[in-house]
């Protein structure tokens, strides 16, 4: 599961790439480490226009998950779109795209977390995850209490060759072309659903892995959590 990613491209580049006509994010800084339940930029369609806005990462969990809990920590990655839980979110009103420049998966190193960062190239060009969003009222953190917030998550699929060598279960659904963004945000579900597929083998590059030391060099020893 991808539970850490970055977007370091300026917001004008995001607006241009996604054809967002409105921007409510204010002064959006580079975000080198986006974790679950933090705010991140998302592009959705509102009243016929695309809007770049901030949402919290983690869609509402199914009722059976939260039945015995006081809070819902959310679902970051969505795989089974046939589930009755996700069916209400598949219309164009709930589709979004999530800008990113790199994303992290963890390689199995015994009891150590070994972060491996993927991007479309060493230059970390902008792309987007195919996502879903909704407005939600509930308790995300007990100490925070009830909130009404916009939440998002993104789809996953089987991994391609590069990601599969690190994380054999899944990878995010990635869109790299404006036409794919149009299809996901505006197309009929039958067409949009076909975008839930891995990128072709050879498309992604490992741009960093292991821990970053104070000097900025990548450590060769046991890995710690690293932000890129």
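Tabulated data for the structure shown
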{"quantity": "Efficiency of FRET from Cβ geometry, residue 206 and residue 176, R₀ 22 Å, rounded to 0.05", "calculated": "0.80"}
{"quantity": "All Cα pairs of the stretch 59-144, percent lying beyond 18 Å", "calculated": "61"}
{"quantity": "Whole-Å distance, taken between Cα centres, linking the stretch 72-113 and the stretch 119-148", "calculated": "9"}
{"quantity": "Extended-chain gain in nm, criterion 0.36 nm per residue less alpha-carbon gap, residue 80 and residue 112", "calculated": "8.6 nm"}
{"quantity": "Cβ crowding within 10 Å averaged over residues, with 46-59, 23-36 ranked highest first", "calculated": "46-59, 23-36"}
{"quantity": "The chain, Cα convex hull volume normalised per residue, Å³", "calculated": "144"}
{"quantity": "Under 18 Å from the residue 197 label point (7 Å along Cα→beta-carbon), backbone N, the stretch 127-148", "calculated": "128-131"}
{"quantity": "Extended-chain gain in nm, criterion 0.36 nm per residue less alpha-carbon gap, residue 64 and residue 47", "calculated": "2.8 nm"}
{"quantity": "Order of 61, 73 under a 10 Å beta carbon neighbour criterion, fewest first", "calculated": "73, 61"}
{"quantity": "Taking all pairs of distinct alpha-carbon atoms in the stretch 155-204, Kirkwood radius in angstrom", "calculated": "11.4"}
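Bear in mind these aren't lab numbers, they're just calculated from the coordinates by the rules spelled out. All values derive from a computational prediction rather than experimental measurement. For neighbour counting, all protein chains shown are included, and Cβ atoms are generated from backbone atoms with ideal geometry for every residue, glycine included.
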